[in-house]
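The values are calculated or read from the model by the stated rules, or taken from the named source; none is laboratory data. None of the values given here were measured: they were computed from a predicted structure. All Cβ positions, glycine included, derive from the backbone under ideal geometry; neighbour counts span all protein chains shown.
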Amino acid sequence: MRSSLPITALVMLATAIAGGCRESNRPEAPSEHAHSHEGDDALIWVEENIEHDRFILALGHHGKHLHATSFVEPAVSITRDGVAIADARVFNSLLSADGTNVIREEVDTIYEVETEDEPAHYAQGKLHLPKGFPQLIIRFRIALPGVANELTQDITIDVDEH
């Protein structure tokens, strides 16, 4: 029996169903990035004014409150001479509070241009927050343009179990 739906429509439907049911380590495309940039999804800088080879970095995450079984979206701002840097490579991973165990493997981030609500920054490398860890470390690995050695920086986050 032949379907009345064109093959293209069937492929699109299958892709939509599969895409909506999976947890991916690959960040969403910029056009799919959906958060409000305010309230509980606000951009929070944990460490600012980190100087490295004439670059100034800020490290943080989206979300005022981080809850177990949800996601954290780490964020990095990179500027040089006051200009946002769009050609760095930024990765983030999740470690135990003592830094010895990898909880979530490293994922890549995407550069987001400046908006009215937020400065330009790297984000969208979401990491799932497991239960049983009231504190975790977000580890950032950053390859800056023209700098031979990568920069690794950690921030500690508190995770609400409720």
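Under the condition of being closer than 30 Å to Lys131 by Cα and of a type in the set (Asp, Glu), the residues counted in the stretch 83-99 number 1. The residue pairs whose first member lies in the stretch 92-121 and is free of Cβ contacts under 8 Å to residues at least 40 places away in the same chain, whose second member is assigned to a loop (DSSP other than H, G, I, E, B) and surrounded by fewer than 16 Cβ atoms within 10 Å (Cβ to Cβ), and whose beta carbons are closer than 8 Å, counting only pairs six or more residues apart or on different chains, are Ile103/Pro130; Tyr111/Ala86; Val113/Ala86. Going by the structure shown, is Pro130 in contact (Cβ under 8 Å) with a residue 60 or more places away in the chain, out of contact with any strand residue (DSSP E or B) (no Cβ under 7 Å at 6 or more places or on another chain) and on the phi < 0 side of the Ramachandran plot? No: the conditions fail for Pro130. Of the residues making up the stretch 51-103, those that are closer than 12 Å to Ile155 by Cα and either modelled with pLDDT under 95 or surrounded by fewer than 16 Cβ atoms within 10 Å (Cβ to Cβ) (or both) are Ser96, Asp98, Gly99.
Here are the criteria: (1) under 13 Å from Phe140 (Cα atoms); (2) of a type in the set (Asp, Glu); (3) at pLDDT below 95. Tell me which single one Asp108 does not satisfy. If we test Asp108 against (1) under 13 Å from Phe140 (Cα atoms); (2) of a type in the set (Asp, Glu); (3) at pLDDT below 95, just (3) comes out false. Residues in the stretch 79-101 that are among the charged types (D, E, K, R) and assigned to a loop (DSSP other than H, G, I, E, B): Asp81, Asp87, Asp98.
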